[in-house]
Amino acid sequence: MGTEEQTETGGVATASETLTITDNRTGKTYEVPLEDGTIRATALRDIKVKESDFGVMSYDPAFMNTASCRSAVTYLDGEAGVLEYRGYPIEQLAEHSTYLEVAYLLVHGELPNAKQLEEWTNKITTHTFVHENVKSFIQGFRYDAHPMGMLLASVGALSTFYPDANQIKDPEIRYLQIIRLIAKMPTLAAFAYRHNMGQPYVYPDNELDYPGNFLSMLFKMSELKYEPDPRLSRALDILFILHADHEQNCSTSAVRAVGSSQVDPYSAVAAGVAALYGPLHGGANEQVLRMLRRIERKENIPDFIAGVKEGKERLMGFGHRVYKNHDPRATIIKKACDDVFEVTGVNPLLEIAIELEKIALEDEYFVKRKLYPNVDFYSGLIYEALHMPVGMFTVLFAIPRTSGWISQWLEMIDDKEQKIARPRQIYTGERNRDYIPVSQR
Ligand code: ACO
């Protein structure tokens, strides 16, 4: 550590933990504090040619190198392929934990003891029912409405059922919304699915565990009680664990940005669902299945790969903004695939997926760009084996990601440094134009 000194930009920093910036326009030198390998972008505002200047800004489209918050929820090291929730490695959680326990961990920061887990499970289980009006609301969608669109609208609509949810500063009230969100997402998702199928909605079965109840709401027909296959329930639970959080990704950033306006958490989560819907984010697993079906046979793979390399399309389920080595979730999913196929029989598309992965991992185009299978490459195959239509794939991502979104939202609400999200811009348009009446244009 060096000596403490007052910097031009106002901060106090030690000499060894600062960045010296010379403005070549003025010859002036500024010393900017470095904290956690980061400078505050606002420190650049002091760098001016004349006093009336706005000051220097940083330009970072797509937030390639900008930390938007401090967070203690999820640790991710893209180079090393490490993912931890609250410090616990994803591999251990996927092997030993359940999704509901992981949701507790994300929300509270610690693993629950037996009593806390029982209480939490009980609370979530008893909040799975939705208001009867939600049913008629979903009924209003077209028969072929995309289930993700229905989920997006219906989770946003929950705010109208719980108007006190906008009291986000009240810890008790907001805790209740957290419980409701985690509890009701599977119900909304299942209702969307049944609507597509033209089948009657199935109410939650509170005797079943979280994934089992979801399977029951999806697939129960005339039987008195739906008995989910424990192996399929467990595979679904593992997928839920793997998808629960992934730090500041597109949808989480959307939840934080929208939530920063202090809107209720249902509306903020609806923003997350909307972001996840996109094909470059959660929508990728749906696109992977469509891609595999289009390839159809192993013999067609070389032509397909050639098209990808020519830039005609992307190899969906490959590549990641952060993971540039391997996606640890993809490895766990591949193993879960084997367990599911033991019950359901092998999906013929798996053969194409494995061959595609093999070729892509050896091909210079993909190796050079550090493109590896991501979480979506194999998850779609499991979902299909569970008889989910492709439209439901992203919905199956949104259900568990809700616990991550809401944990990050909670962290933001209590973060004294956060304000309403409001990026700056570099204006590139015209200036000072005089209005010309339409008759003279
Ligand atoms: N197939 C072919 N080429 C690719 C792919 C891909 N899947 N992904 C990236 N590339 C290429 C790009 O064309 C680019 O090549 P260039 O340097 O010759 O122009 C290079 O690799 C870098 O790509 P970027 O788009 O700059 O990488 P970025 O970090 O912005 O994108 C993303 C990451 C969006 C995930 C991208 O890899 C992609 O589109 N993948 C397919 C969609 C997908 O699977 N998304 C799921 C992500 S995981 C999740 O959301 C849960």
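The values are calculated or read from the model by the stated rules, or taken from the named source; none is laboratory data. Just so it is clear, the model here is predicted, and its values are computed rather than measured. Positions of Cβ are backbone-derived with ideal geometry, glycine not excepted, and every protein chain shown enters the neighbour counts. In case anyone asks, the SASA skips ligands and DNA or RNA and just uses the protein heavy atoms, side chains included. Shrake-Rupley method; radii C 1.70, N 1.55, O 1.52, S 1.80 Å.
Between beta-carbons, use under 9 Å as the cut-off and find the net charge around residue 375, counting Lys and Arg +1, Asp and Glu -1.
-1
Report the label-to-label distance for residue 72 and residue 355 in nanometres (one decimal), using points 7 Å from each Cα along the Cα→Cβ vector.
5.1 nm
If you take the beta carbon distance between residue 229 and residue 45 as r and set R0 to 56 Å, what does 1/(1 + (r/R0)^6) give as a FRET efficiency, to the nearest 0.05?
With R0 = 56 Å, the Cβ-Cβ based efficiency is 0.40.
Can you figure out the FRET efficiency of residue 145 with residue 419, using R₀ = 30 Å and their beta-carbon distance, to the nearest 0.05?
0.25
Once ligands and nucleic acids are excluded and a 1.4 Å probe is used, how much of residue 361 is accessible, expressed in Å² to the nearest 10?
70 Å²
Can you tell me which of 141-154, 112-125 comes out highest on packing, and rank the rest after it, using the mean Cβ neighbours within 10 Å?
Going from most to least packed, we get 141-154, 112-125.
When the Karplus curve 6.51 cos²θ - 1.76 cosθ + 1.60 is applied with θ = phi - 60°, which whole-Hz ³J(HN,Hα) does each residue of segment 325-341 get, with x for Gly and Pro?
9, 8, 8, x, 5, 5, 5, 5, 5, 4, 5, 4, 3, 4, 5, 5, 5
Any idea of the accessible area per residue across the chain, 1.4 Å probe, to the nearest Å²?
Per residue, the chain has 51 Å² of solvent-accessible surface.
Is the chain best put as rounded, prolate or oblate by its Cα gyration tensor, with a ≥ b ≥ c the root eigenvalues, rounded for a/c under 1.5, and otherwise prolate when a/b is larger than b/c, oblate when not?
Note, shape of the chain comes out prolate.
Taking all protein chains in place and a 1.4 Å probe, what share, in percent, of the accessible surface of the chain do carbon and sulfur account for?
52 percent
Using amide H atoms built 1.01 Å from N in the peptide plane, name the residues 5+ places from residue 19, or on other chains, whose amide H lies under 5 Å from its own.
32, 34
Below 14 angstrom from the Cβ of residue 141, what's the summed charge of the other residues (Lys, Arg +1; Asp, Glu -1)?
Net charge in that neighbourhood comes out at +2.
Quick one: accessible surface of residue 35, probe radius 1.4 Å, all protein chains present, in square angstrom to the nearest 10.
It works out to around 100 Å².
At 0.36 nm per residue, and after removing the present C-alpha to C-alpha distance, how many nm does the segment from residue 126 to residue 339 gain when stretched out fully?
Computed gain between residue 126 and residue 339 is 73.6 nm.
Would you tally the net charge around residue 113, using a Cβ to Cβ cut-off of less than 13 Å, leaving residue 113 out, and scoring K and R as +1, D and E as -1?
In short, -3.
Sequence-distant or interchain residues sharing an amide H contact under 5 Å with residue 281, placed H: which?
Correct list: empty.
Along segment 51-66, what does the Karplus equation 6.51 cos²θ - 1.76 cosθ + 1.60 (θ = phi - 60°) give for ³J(HN,Hα), rounded to whole Hz, x for Gly and Pro?
Per-residue couplings from phi come out as 3, 7, 4, 5, x, 6, 10, 9, 10, 8, x, 6, 6, 5, 8, 10 Hz.
I want to check the label-to-label distance for residue 19 and residue 207. Put each point 7 Å from Cα in the C-beta direction and report it in nm to one decimal.
Here the modelled spin labels are 6.1 nm apart.
Which shape class, rounded, prolate or oblate, goes with segment 80-219 when its Cα gyration tensor gives a ≥ b ≥ c as root eigenvalues, a/c under 1.5 marks rounded, and past that a/b bigger than b/c marks prolate?
prolate
Under the rule of at least 5 residues apart or a separate chain, name every residue whose amide H is placed under 5 Å from the amide H of residue 28.
23
Quick check: Cα centre of segment 326-375 to Cα centre of segment 83-129, how many Å?
Using only Cα atoms, the two centres lie 28 Å from each other.
Stretch residue 58-residue 428 to full length: gain in nm at 0.36 nm per residue minus the Cα-Cα span?
Between residue 58 and residue 428, full extension yields 131.6 nm more.
Roughly how far apart, in whole Å, are the Cα centres of segment 398-441 and segment 12-71?
Their Cα centres are 22 Å away from one another.
Is the C-alpha gyration tensor of segment 167-254 telling us rounded, prolate or oblate? Criteria: a/c under 1.5 is rounded; beyond that, a/b larger than b/c is prolate, otherwise oblate.
Prolate, since a/c reaches 1.5 and a/b exceeds b/c.
Order 18, 252, most accessible first, counting only protein heavy atoms with a 1.4 angstrom probe.
Descending order: 18, 252.
Under a point spin-label approximation (7 Å from Cα along Cα-to-Cβ), what is the residue 222-residue 364 distance to one decimal in nm?
Each label point is offset 7 Å from its Cα along the Cβ direction, giving 6.3 nm.
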